[in-house]
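Let me begin by presenting the structure, written as structure tokens, before commenting on it.
What follows draws every value from the coordinates through simple rules; no lab data is involved. These numbers were taken from a predicted model, which means no experiment stands behind them. Cβ: placed from backbone, ideal geometry, glycine included. Neighbour counts: every protein chain shown.
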Amino acid sequence: MFTRRLNPAIKLLPSLTDFAFLMPIVFLFGRMEGAKTMLGDCDTGWHIRAGEWILAHHAVPTRDLFSFSKPGGPWFAWEWLSDAIWAWLHSRGGLALVVLAGILLVSATFTIVFRLARRKANPIIALGVTMVAAACSSIHWLARPHLFTLLFLAVFYTALERVRDGQTRWRRAPYLLLLPLATILWTNLHGGFFLGILMIAAYGCAELLKLALAPGSGQRTAARRNAARYFLSAAGCLAASLVNPYFYHLHVHILGYLRDPSTSNILEFYSLNFHHPMALFYEGMLAAAVAAGLWNAAKGRYVEPLLMIVWAHGALAASRNMPIFALLAAPPVAAMIDAGLKRLASANVAGWLRSAARRFNRMAADTAVTDALGRWHVVSAAGALAVAALLLAPNPPRRFRAEFDPRSFPAAAIETLRAYPAARIFTYDQWGDYLIYRCYPPGKVFVDGRSDYYGPDFETKVWDVQGVKYDWERTLNGFGVDTILLPPRMALTGALKESRRWRLVYDDGVALVFRSAASAAGEKSPVAFGDGRGRDREITKIEESDRAITVVQDKATSS
């Protein structure tokens, strides 16, 4: 009777699942730059404008919309459904609603990761490991379509783990049959859909290893049957991924893009800078993941070693893979730590260490019992509503202002650029994305973040111009460029200041606008100088011996 009276109150209390849901929000607004972090990459801008075109025309684009340098070329809008969602949200609540959707996707993803880790370990360890995984992944928390891939990857991981544990159905429907259906949606949301196919194939390969190494005929028979089921499901997902506006051409295009060596010049394809604040979390997770892989291999479980080998390498090769690695590593790492603490309680170690392990295990067991009680997750809902209210407020606090950071993007320069409605503007890809968001239509750009569209030859021309290669002016003249928008740090700005063919018409310390002397002759244009005026020209002047260095630096900044 007493328990019954307590039940309603207990359902209102927060659970560790609520903490897992709110943890990315606290991290984002407490330790990071909040909404500006989610808008740290201007790809969001062109995704919104592409989505607006899709909603207006009720069609998926097959030709370029945004460029004057390669107008009307064949273009694959990989994430057309995400673009439409972003555009619809933007039409209802501006960037604030887009940011909110991105935050909820991140929170939902790590809630699923926590629940999966919770199946393998006590809830305290599961939550701690999930927090580390979230910190690792925060390097790529951006309001872009790839967040859908992280969510779907967590869902696939959960389904495959349930199948491995013998829970093959969800409400009478086989998980391995539902995954191909989910792949259709995933394929049209983001090009990372192939990760789901690879995940299923990894489970099939693990069964093949078990088949080769299992001692008994009964185990080999079960492994053969399970491998066939996994591979059939993977084949079904591959077939389902053809349900997209571009059919198999999408797959050919993605494979070609990923194999293109020029992607190594894109910032998110760089290896992690181990001076980054998040590197410490990654190093810890990497060491724990290697240990977890070996621990599982010793017990005859081969899925974890396969996943850790592939994605630890992937994360070391490209920082954009860190969130995937962290997400996949969290459950096996939690399971290993939980098993280690249970063994430590009776191990031949110092008495104080055994005692501490026993106390922690008792506390964790009590927490698990309490946390298993049903909750209504009111705290999670309240937290999400509070974030929504702050983002959508007329005058939100600084970290809740959903805007592209004016300290990093040419927000103040836009009015000057609008004085030249027919200008053909050269800028680097990130600012090209920003111009699409602020000026399209009618403004078109020289280059933007769609590196797969422009291709390696064109991207090389862009880098050569930024690095002041000998024929940089010929390249700009060939495309009829009459306006250049750049941050002060780029090498090209120094050459433009020294050139008689270009005139500086705007400088606010964040962005510089140059007009060709021929275009500027006789026109009455606004000339504005802010904090950038008066910088020593000798600092930005390009010396012949410096060019090899500045080319490399600009490749980094252009990505």
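For the chain, build the charge dipole from Cβ charges (+1 Lys, Arg; -1 Asp, Glu) around the Cα centre, then report which of L181, N296, G196 sits farthest towards its positive end. Projecting each Cα onto the dipole axis, the largest value belongs to N296.
Extension gain for R354 to A386 (0.36 nm times residue separation, less C-alpha to C-alpha distance): 7.2 nm. Net length available on complete extension from R362 to Y270 is 28.7 nm, with 0.36 nm assigned per residue and the Cα-Cα distance removed. The loop-placed trypsin sites (Lys or Arg not before Pro) in segment 308-415, going by DSSP, that have at most 13 neighbouring Cβ atoms within 10 Å of their Cβ come out as R407.
Here the chain is assigned +1 on the Cβ of each Lys and Arg and -1 on the Cβ of each Asp and Glu. Its dipole about the Cα centre then comes out at about 2380 debye.
Is it possible to state the helix-based mean residue ellipticity at 222 nm for the chain, with each DSSP H run of 4+ residues giving -39500 (n - 2.57), the sum divided by total residues, to the nearest 500 deg cm²/dmol? What is it?
-20500 deg cm²/dmol
Distance between the pseudo-spin-label points of D464 and R169 (7 Å out from Cα toward the beta carbon): 6.4 nm.
Put a dot 7 Å past the Cα of R474, heading toward its Cβ, do the same for H57, and the two dots end up 3.6 nm apart. Are there any helices in the chain, counted as whole DSSP H runs, that stretch 24 Å or more along their axis by Cα and score at least -1.0 on average by Kyte-Doolittle, and if so which? Length and hydropathy pass: 80-120, 146-164, 194-213, 217-240, 279-298, 322-344, 351-371. Which listed residue (F400, T483, A133) has the Cα farthest towards the positive end of the charge dipole for the chain, taking +1 on Lys and Arg C-beta and -1 on Asp and Glu C-beta about the Cα centre? The listed residue farthest towards the positive side: A133.
Fully extending the segment from R31 to L198 would add 56.7 nm, taking 0.36 nm per residue of separation and subtracting the current Cα-Cα distance. Relative contact order, whole percent, for the chain stands at 19, derived from Cα pairs under 8 Å and 6 or more residues apart.
Using Cβ point charges alone (K and R +1, D and E -1), the dipole size of segment 75-157 about the Cα centre works out to roughly 360 debye. Over 27 Å apart at the Cα level, from the set K70/K469; K36/K469; K36/K444; K11/K342; K36/K120, are K36/K469; K11/K342; K36/K120. Once the C-beta distance of A419 and L181 is scaled by a Förster radius of 51 Å, the resulting FRET efficiency is 0.45 to the nearest 0.05.
Counted without the sites themselves, the longest stretch of the chain free of GluC sites (Glu not before Pro) in a DSSP loop having at most 16 other beta carbon atoms within 10 Å is 34-402. Straight-line cross-link reach from K299 at under 16 Å between alpha-carbon atoms covers these aspartates and glutamates, not counting any fewer than eight positions away in the same chain: D165, E207, D338.
FRET efficiency for the R500 to V252 pair, using the beta carbon distance and R₀ = 56 Å, is estimated at 0.70.
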